[in-house]
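Written out below as structure tokens is the structure these notes cover.
The values are calculated or read from the model by the stated rules, or taken from the named source; none is laboratory data. Not measured: the values here are computed from a predicted model. Reconstructed Cβ throughout: ideal geometry from the backbone, glycine too, with neighbour counts over all protein chains shown. Surface areas here come from the heavy atoms of the whole protein model, side chains and all, with no ligands, DNA or RNA. Shrake-Rupley method; radii C 1.70, N 1.55, O 1.52, S 1.80 Å.
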Amino acid sequence: MLFNVSYNEPKVNQAIEELVGKSFGLFENIKLNGTGSPRLLIHKASEEIQTLLDYDHNLNYCNIELRPKGIIIRFRSLLETYGLAIPYYKLVVFKPANFLSLHADHHLISVEFPAKNAGIHQFYEKMMAQKVKNTPSNIDDL
């Protein structure tokens with residue numbers, strides 16, 4: 001689900017926490033060696049997200065935050081910050097050539113994935129390990 005996270009709204013925060021869980025605590029964050037991605041350049045996005053990104057004429061960047069039950073992809077448009085919350089069981093990842101494509105329902109964000117950037121590769125491995133660990137193997141477990 002796509003949320004405007006520019007403001008501290010309890011209803012939005014609660015909806016995000018129900019979908020992907022609360023942020024990792026200090027010790028879990030240290031154990032995972034960080035839960036945030038480096039800054040990623042957005043290459044392509046679904047229509048709804050692309051409309052938001054087209055409002056300004058700057059380069060479009062995003063970052064990904066790991067949560068216990070999913071991820072949040074955050075990006076800015078004009079003066080607003082948006083977050084796309086994706087539970088692990090809905091997350092579909094493709095890695096064609098030098099891009100990383102993240103899909104969920106009707107949303108898509110494709111980011112550049114340069115071969116020489118070790119930080120992005122480490123985060124990708126961490127994200128996929130969390131997805132495998134936290135995705136239920138049976139639909140009844142949801």
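The trypsin sites (Lys or Arg not before Pro) of region 81-141 that DSSP puts in a loop, and whose beta carbon has at most 12 other beta carbons within 10 Å, are Lys116. Note on region 15-31 and region 55-99: Cα centroid distance 16 Å, given to the nearest whole angstrom. Karplus-derived 3J(HN,Hα) values for region 120-127, using 6.51 cos²θ - 1.76 cosθ + 1.60 with θ = phi - 60°, are 5, 5, 5, 5, 4, 4, 5, 5 Hz; glycine and proline are entered as x.
At 1.4 Å probe size, with the rest of the protein present, what percent of the exposed accessible area of the chain is carbon and sulfur atoms? That fraction is 54 percent. Taking the structure as given and computing semi-axes √(5λ) of the Cα gyration tensor in Å, which label from (i) 31, 22, 18; (ii) 22, 19, 16; (iii) 35, 16, 13 fits? Step by step, semi-axes √(5λ) of the Cα gyration tensor in Å for this structure corresponds to label (ii).
Once the Cα-Cα distance is subtracted from the 0.36 nm per residue extended length, the Arg76 to His121 segment shows a gain of 13.9 nm.
Taken along its principal axes, the alpha carbon cloud of region 51-116 reaches lengths of 32, 28, 22 Å, longest axis first.
Quick one: net charge around Ser46, please, counting Lys, Arg +1 and Asp, Glu -1 for every other residue with C-beta under 15 Å from its C-beta.
On the way: positive: Lys44, Lys90; negative: Glu47, Glu48, Asp54, Asp105.
Around Ser46, the charge tally is -2.
Cβ-Cβ distance of Leu41 and Lys11, R₀ of 41 Å, FRET efficiency by 1/(1 + (r/R0)^6): the value works out to about 0.85. For the pair Thr51 and Asp105, label points projected 7 Å from Cα toward Cβ lie 1.5 nm apart.
Rolling a 1.4 angstrom probe over the protein heavy atoms, how many square angstrom per residue are accessible across region 1-128?
That works out to 58 Å² for each residue.
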